[in-house]
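Here's the structure, in structure tokens; my notes come after.
The values are calculated or read from the model by the stated rules, or taken from the named source; none is laboratory data. Quantities reported herein were computed from a predicted structural model and do not represent experimental measurements. Backbone-built Cβ (ideal geometry, glycine too); neighbour counts: all protein chains shown.
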Amino acid sequence: MGYVAGNPVTDSQFDEDGKIPCLHGMGLISNELYECTKDINMLHVLEPLCEEVWSPRIHNTSATDGMSRLMLESARAADDDIIEFKCRKASYVVLKIWANDKTVRESLGVHKGTVGKWTRCNYDIDYIKDVYSTVEYHLTLMREGYRALIYSGDHDCGIPFTSTQAWIRFLNLSVVDDWRPWYVAGQVAGFTRSHANNNLIYATVKGAGHTAPEYKPKECLEMFARWISGNTL
């Protein structure tokens, strides 16, 4: 038994402390200046910063079907009929429409009346307790013998690899396989380190943002397949 966590929000102190070193390491800020990060896409520092899809400004310019003209400027390729979005968040609008389509829901086996409107991130869940740190939970799971795969898209400076590596170091677990590259199709897909008799494997996914499988699906699928099979990365 085990669990997987990707670019996980873990501890407010660790998560926040790692942002500036991440941005500095990416060459986006100097040692003295960090205010310039306001125009950086923190979830993938190489991608453009876009407004929220349903922000008032965009909503006021949206097309009659609810899609934003600003967000959904696209170029249709003549040969393969593929739509290219200039902003990643624009594709989330299409995803929302697709996932709530009646035919799609039926094909996915969603029984009528059991699930309401699909949203990519549901912020309307009523919580009764705030957990400000899950570091101790990870340590408890390690002691109980649960296997864990913790990974970081290495271009995410929202929950950066620097933060995740810091709280893993705080667990003070023994290192059994030190820092090394891992490969997919003969290319470096990221870097990895194993702890505590391989009970905790940490990996970076090279070139990925906050939702790593969205950016690097082939590499993330291979990473998960190796881990779930008990193989090394």
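Note on the range 181-233: among residues that are assigned to a strand (DSSP E or B) and among the β-branched types (Val, Ile, Thr), the one that is nearest to Leu149 (Cα to Cα) is Ile201.
Within the range 30-49, the presence of a residue that is on the phi > 0 side of the Ramachandran plot and modelled with pLDDT of 65 or more is excluded. Is it the case that some residue within the range 104-124 is part of a strand (DSSP E or B), surrounded by 12 or more Cβ atoms within 10 Å (Cβ to Cβ) and in contact with a helix residue (DSSP H, G or I) (Cβ under 9 Å, 6 or more places away or on another chain)? Within the range 104-124, none of the residues are part of a strand (DSSP E or B), surrounded by 12 or more Cβ atoms within 10 Å (Cβ to Cβ) and in contact with a helix residue (DSSP H, G or I) (Cβ under 9 Å, 6 or more places away or on another chain). From the list Tyr146, Tyr202, Tyr151, Tyr215, the lone residue that is out of contact with any Gly (no Cβ under 9 Å at 6 or more places or on another chain) and among the hydroxyl-bearing types (Ser, Thr, Tyr) is Tyr202. Restricting attention to the range 201-233, the residues being among the aliphatic types (A, V, I, L, M) and either without any contact (Cβ under 8 Å) to a residue 40 or more places away in the chain or more than 16 Å from Pro181 (Cα to Cα) (or both) number 4. When Leu139 is tested against (1) at pLDDT 90 or above; (2) not in a helix (DSSP H, G or I), only condition (2) is not met.
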